[in-house]
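Okay, structure first, notes after.
Bear in mind that the values in this text are calculations on the coordinates, not laboratory data. Bear in mind the structure is a predicted one, so any value in this text is a computation, not a measurement. FYI the Cβ positions are ideal-geometry reconstructions off the backbone, even for glycines, and counts take in every protein chain you see.
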Amino acid sequence: MTTSATASREFATEVVRQLRSAGYVALWAGGCVRDYLMGREAQDFDVATNATPEQVRELFGKRRTLAVGQSFGVIIVLPPDKAATQVEVATFRTEGIYLDGRRPSEVVFSTPEEDAQRRDFTINGMFYDPIEDRLLDFVEGKADLDRKILRAIGDPHERMTEDKLRMLRAVRFAATLEFTLDAHTLAAVTRMAPEMIVVSAERIAQELRKMLAHRTRVRGFQLLAETRLLHVIFPEVDLADTHTIADILGGLWTNARFELATAAILHQISSPVSEPRSEAEARGTIWAMTRRLKLSSDEMTSIAWLVAHLDCWNDAEQQTDAQLKRVLAHPLSGDLRQLVRAIRTTQCLPLSPIEFVDDYAARHTPEQINPPELISGRDLIQHGLHPGPQFKSLLDTIRDAQLNGEIATREEALEQLKLIMPSSKD
Ligand code: ATP
Ligand code: MG
């Protein structure tokens, strides 16, 4: 069973109803209220209450709750089945002073009015009563939502000082919601951008994923450049290249993945035209950057593969079937085709190589591009060879012959193998 928006909303309403029946105040809070008012599916539901974490656990039972953020007053209530997502129930709170610009030094339980003040942006600071269909808006969030303005709650400079990640969240929300950044909020982000350096890579990466995987990624990128947050996140990217990068991002499909967008941003790091760097050096830079952002190893591998292959089709029309098929067999080859086309378009380079590749991919089935191997390492061992460096080169030769259509059966492969095998069996 997959989660459904309706089931999740009903469960989030049920959690409110149960807290209310037990005599507590309970409301939907934050992002889910914003999404609900905008008629969008909420990613997750947060409920705010005056019940303490202990009282919440007592009401829903230990087996149906998780106390992951208990010290911050947060209890997760698990849904009865997988149709609904879990609900985070948080006690109304006021956050103490932020000593490190990352997290509050203490948390004091409080009221909805005060709880709204600790939230980041006015549109994220509202409460909603799903039972009586009533909005509780202490921060003029509804007015900003209607006018499509992203505005910090209170003094933007102070709020960004408390938690520097809010600068990146401001950019992310403005871009993905297609809202205008309020002038004071924008000024605070621009002024304080260098200070984002204290924020953990994990939190930065989480926001970047949401921003760059979204169809509004061009706007997100432009805002990063405009506020100079870009310089903190990707110091290797030359600010002079930002127009080119924005154009390339605009050439990707709307549903392009985070890895593809990141490869687009980092593309010129490996480009031979910007600086004569060796491929290994470029790869090293990409790995260093993605590691600094603490991306997952899958993300890093994907980004490095895309960037490393940007030039591989420059001479596509002259390549053998084996050369073409080997790259096209890669799961990210569709992403690579998009990226190469976007880069060539932006740089006014001829599109003929990529058109050739697209046409080649269209004319061949997946089985033609990546047919099952005819022989394996086991066959080499049976022929008396010991595993070693020559193993790979022998198998590669056989594979190339297969991909080039020179051989098609296992028998032909074994025959070919005999011809190319070293004569001494050691
Ligand atoms: P998304 O659609 O990405 O989930 P969201 O607004 O729900 O957006 P979350 O990170 O899930 O964002 O946070 C839920 C709510 O918690 C926010 O709407 C906001 O009220 C509050 N919040 C989250 N992060 C911060 C922060 N860094 N500073 C202040 N308030 C925050
Ligand atoms: Mg959320």
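A few notes on this one:
- Loop-resident sites, the stretch 1-57, for trypsin sites (Lys or Arg not before Pro), counting at most 16 other Cβ within 10 Å (DSSP): Arg40
- Glu54, Glu88 arranged by Cβ crowding within 10 Å, fewest neighbours leading: Glu54, Glu88
- Euclidean distance of C-alpha centroids, the stretch 342-395 and the stretch 1-59, integer Å: 51 Å
- To the nearest ten degrees, helix 201-212 and the longest principal axis of the Cα atoms of the chain are 80 degrees apart.
- The sum of -39500 (n - 2.57) across all DSSP H runs of n ≥ 4, divided by the residue count of the chain, sets its helix-only mean residue ellipticity at 222 nm to -15000 deg cm²/dmol.
- Overall, the stretch 135-250 carries a charge dipole of about 300 debye about its Cα centre when +1 sits on the Cβ of Lys and Arg and -1 on the Cβ of Asp and Glu, all other atoms neutral.
- Ellipsoid fit via the Cα gyration tensor, the chain: semi-axes of 51, 27, 20 Å, each the root of five times an eigenvalue, largest first.
- Phe179, Phe45 arranged by Cβ crowding within 10 Å, fewest neighbours leading: Phe179, Phe45
- Rounded to the nearest 10 degrees, the inclination of helix 389-403 to the longest alpha-carbon principal axis of the chain is 90 degrees.
- Radius of gyration, Dmax [the stretch 377-425; alpha carbons; angstrom]: 10.3, 29
- Rg followed by Dmax, in Å, when the stretch 244-388 is reduced to its Cα trace: 17.3, 56
- Percentage relative contact order, the stretch 316-369, counting C-alpha pairs under 8 Å, at least six apart: 47 percent
- Rg(Cα) / (2.2 N^0.38 Å) computed for the stretch 316-369, rounded to two decimals: 1.10
- Over the stretch 1-144: Kirkwood hydrodynamic radius from C-alpha pairwise inverse distances, Å: 15.3 Å
- Taking the chain as the region of interest, the number of lysine pairs whose Cα atoms are within less than 22 Å, with members eight or more places apart or on different chains, is 8.
- 10 °C / 1.306 mPa s Stokes-Einstein diffusion coefficient of the stretch 172-233, Kirkwood radius on C-alpha pairs, µm²/s: 134 µm²/s
- Assigned charges on the beta-carbon of Lys, Arg, Asp, Glu; the stretch 149-203 dipole about Cα centre (debye): 100 debye
- The string of couplings for the stretch 89-104 from the Karplus curve (6.51, -1.76, 1.60, θ = phi - 60°) is 9, 10, 6, 3, 8, 10, 9, x, 5, 9, 7, 10, x, 10, 8, x Hz, one whole number per residue in order, with x for Gly and Pro.
- By average C-beta atoms within 10 angstrom, highest first, the peptides 309-322, 215-228: 215-228, 309-322
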